[in-house]
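Notes for the one structure printed next.
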Amino acid sequence: MSEESLNILQNKIELFSFIPIMESIVEKYAEYGEAVSVNPDYANLFRKAVRFMAKVFLWAIGRAPESWRT
């Protein structure tokens, strides 16, 4: 496996380990938040926002996979 392939694999592993942590934080927040009690669809919106934030974070620190940089 080339060094580039290993870097891409490492980036994907970091992304997938980061997203569930952020999702669990958001789920706990959403579970008790008034927005969710008013409209349960907000919980899904929060999860999507967390995934987006994780991607932006990894891209910003230069750890995003090459496919995201185009």
Where a residue in the stretch 9-32 is under 14 Å from Pro65 (Cβ atoms) and its partner, wherever it lies, is at pLDDT 70 or above and among the β-branched types (Val, Ile, Thr), with Cβ under 8 Å and at least six apart: Ile19/Val50
Check on Ile8, surrounded by 12 or more Cβ atoms within 10 Å (Cβ to Cβ), in a helix (DSSP H, G or I), at negative phi and modelled with pLDDT of 70 or more: yes
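The values are calculated or read from the model by the stated rules, or taken from the named source; none is laboratory data. All values derive from a computational prediction rather than experimental measurement. Don't worry about glycine lacking a Cβ; one is built from the backbone with ideal geometry, like all the others, and counts go over all protein chains shown.
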